[in-house]
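Below: the structure, in structure tokens.
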Amino acid sequence: MGVHRLILATLFSGVLCWLSAKSQPWSFIEAVGGIRILAPVRHDGRLDLPVECNVSGLKAITRTPTLINSALVIRTIRCGSRGHEVWISVVTCLAGGGRAAGGIHYADLSDLKAGAYVVYYGDAGDTTHKLGSVVVP
């Protein structure tokens, strides 16, 4: 009986995370302490961009947090590109399913050709929030 409850709880938390998923705006990222990109790495057999962010608001990444969240975790880092520009955004959801609120998360860069890229936060085409530059080997 205990195994069935565990399976049901795991499924429920996954569905809850999927239903509550939201791409966060720049104002949210600033309020929880900022975001930082690191040099691309090979991770799980693909080329990834490590992204440091903590949506709990308990750790300063690039600025002092002004907002605390106890129920949000990072679901994924959304990533898109056009030419030599890359856009990322943090997608959060309600806590559960073994996901973390902070630490290093990864954006998939596997589709990019070798070269230098400028990375921005937000939707494709929005160059307001530059995070830095990276070189894809």
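Side notes on the structure shown:
- Rg over Rh, two decimals, the chain (C-alpha only, Kirkwood Rh): 1.02
- Cross-link partners of LYS59 among lysines, defined as those whose alpha carbon lies under 22 angstrom from its own and excluding same-chain residues fewer than eight positions apart: LYS22, LYS130.
- Net +/- balance of residues flanking ILE61 in space, Cβ distance below 15 Å, scoring K and R +1, D and E -1: +1
- Estimated distance in nm for a label pair at ASP123 and ARG42, the labels positioned 7 Å out from Cα along Cα-to-Cβ: 3.8 nm
- Between ALA60 and ARG82, the contour length at 0.36 nm per residue exceeds the Cα-Cα span by 4.9 nm.
- Rh by Kirkwood over Cα pairs, then Stokes-Einstein D for the range 17-81 at 1.306 mPa s and 10 °C, µm²/s: 123 µm²/s
- Placing one equal scatterer on every Cα of the range 69-137 and applying the Debye formula, the log10 ratio I(q)/I(0) at q = 0.17, 0.25 Å⁻¹ is -0.66, -1.07.
- Label point distance in nm, VAL91-SER110, each placed 7 Å from Cα along Cα→Cβ: 1.5 nm
- Within-13-Å neighbourhood charge of LEU47 [Cβ basis; K, R +1; D, E -1]: -1
- Extension gain (nm, one decimal) between TRP26 and ALA71, 0.36 nm per residue minus Cα-Cα: 14.3 nm
- Near GLN24: Cβ cut-off under 11 Å, other residues only, Lys/Arg at +1 and Asp/Glu at -1. The net charge is +2.
- Angstrom value of the Kirkwood radius, inverse mean 1/r, which spans all Cα pairs in the range 53-101: 12.1 Å
- Helix 2-20 and the longest principal axis of the Cα set of the chain meet at an angle near 40°.
Every number here is computed from the coordinates shown, using simple stated rules; none is lab data. Not measured: the values here are computed from a predicted model. As a convention, Cβ positions derive from the backbone with ideal geometry for all residues, glycine included, and neighbour counts pool all protein chains shown.
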